[in-house]
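Notes follow once the structure below has been shown.
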Amino acid sequence: MILGTVQIPEKPLLATLRGERQDVPSIWLMRQAGRYLPEYRELREKKGGFLDLATDSEAACEITLQPVRRFGMDGAILFSDILMVPWALGQRLWFEQGEGPRLAPRLVDTALSELQTAPDRLEPVYETVRRVVAQLSAETTMLGFAGSPWTVATYMVAGQGSRDQGETRRLAYRDPQAFQAIVSAIETVTIDYLSKQIEAGAEAVQLFDSWAGSLAPSEFERWVIAPTARIVAALAERHPDTPVIGFPKGAGAKLAAYARETRADAIGLDETVDPVWANDVLPHGLPVQGNLDPLALITGGDAMTSAARGILAAFADRPHIFNLGHGILPDTPIAHVEQLLTFVRNR
């Protein structure tokens, strides 16, 4: 693209999200900034726990940039967490060593109305985005994100993650009006949260619905598709040029309905989705993202390249961003990430 006499390099990932098929797919990896990188572990050792890092804009900026600097990723994904929204809604947030995040008070015990909202808690996130954008190369796309309302609600209700999201599902069946209030509150904060990330410089955003697969079809329609559609519509009104990636992990056969009804600009696929099937059922020309099994990346070698080859072949005729089917795992060898990037870019 040429503006006046200055040539501005195209951002291939952003172009893909806008519907342009690339001969060489763009690539970034979910959780690409994290524990598998020695530079991340070194910084965390100095700075403290996860929340300390996520609310330290200078540190969070550095962590966001680490995998871009090391691997030349086409996208820089904001270093943060989906539970920043419950924190802004007034729950206490902390991370138990080796056990994951905790929220209190649990909304299975406490009414939403008893929480005191604290939107200022999100300000460091916007500053992180601004700092990253100031340092990114002109070819790299800045990606913001948030959790989708269903997944965020499961943590707010239960106070932590769970295998089947049972407490939250029971609440949604038993008292749908109360649960709708929780979902609506998450929606409202999430729309503003993503909007402010975009205003700070995010060029695309992703909605993570990590627990979408735990719901029955009618509940999926009510608690996954409908809230996501409202968020996508609100962002489209505020920021019509900013693509939204929807990632409903575990959606399975409900994936086509999710794509059609949410009107997300691109769909992320988890590792359980057959890419050939997805290419057949998703709307023609809709950009897709994914979906290598993170364990195939850990294995590396022929197992990894064979799986990657199948994904690339399935999406050869549609806009495709190569990614994992979920987040990169902490024991992933750096050499395997390098091998994957070389394969995708030079096959």
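What to note about this one:
- Amide H within-cut-off set for residue 268, under 5 Å, with H built and near neighbours excluded: 246, 247, 289
- Approximate spin-label separation residue 174-residue 256, in nm, with each point projected 7 Å along Cα-to-Cβ: 3.7
- For the chain, lysine pairs with C-alpha atoms less than 27 angstrom apart, excluding pairs fewer than eight positions apart on the same chain, total 4.
- The chain: most fluctuating residue of 108, 129, 183 per GNM, C-alpha cutoff 10 Å: 108
- A 1.4 Å probe run over the stretch 294-347, with the rest of the protein chains in place, finds 40 Å² accessible per residue.
- Heavy-atom accessible area per residue - the stretch 198-242, 1.4 Å, Å²: 39
- Rounded to 0.05, the FRET efficiency of the residue 164 and residue 23 pair, given R0 = 30 Å and the Cβ-Cβ distance, is 0.10.
- Contact order normalised by residue count of the stretch 1-154, Cα under 8 Å, 6+ apart, percent: 28
- Estimated inter-spin distance, residue 316 and residue 263, nm [label 7 Å along Cα→Cβ]: 3.4
- Percent accessible area from carbon and sulfur atoms, the stretch 266-332, protein chains only, probe 1.4 Å: 55
- Listed residues 167, 123, 96, most fluctuating in the chain (Gaussian network, C-alpha, under 10 Å): 96
- Taking the chain as a Gaussian network of alpha-carbon nodes connected by springs under 10 Å, the highest mean-square fluctuation of the residues 190, 128, 332 belongs to 332.
- Label assignment, Cα extents along the principal axes in Å derived from the structure, set (i) 54, 46, 46; (ii) 58, 43, 39; (iii) 57, 48, 42: (i)
- Rolling a 1.4 angstrom probe over the protein heavy atoms with all chains in place gives the stretch 142-181 an accessible area of 39 Å² per residue.
- Calculated [θ] (222 nm, deg cm²/dmol) that DSSP helices of n ≥ 4 give over the chain, each run adding -39,500 (n - 2.57): -14000 deg cm²/dmol
- Beta bridges per DSSP with both ends in the chain, % antiparallel, nearest 5: 25
- Carbon/sulfur fraction of accessible area - the stretch 128-255, other protein chains in place, 1.4 Å, %: 49
- Considering only alpha-carbon pairs that sit under 8 angstrom and 6 or more positions apart, the relative contact order computed for the chain is 20 percent.
- Amide H contacts under 5 Å for residue 26, placed H, 5+ residues apart: 322
- Leading residue at positive end of dipole, the stretch 239-338 (Cβ point charges), from 292, 266, 314: 266
The values are calculated or read from the model by the stated rules, or taken from the named source; none is laboratory data. If you're wondering where the values come from, they're calculated on a predicted model, not measured in any experiment. Positions of Cβ are backbone-derived with ideal geometry, glycine not excepted, and every protein chain shown enters the neighbour counts. In case anyone asks, the SASA skips ligands and DNA or RNA and just uses the protein heavy atoms, side chains included. Shrake-Rupley method; radii C 1.70, N 1.55, O 1.52, S 1.80 Å.
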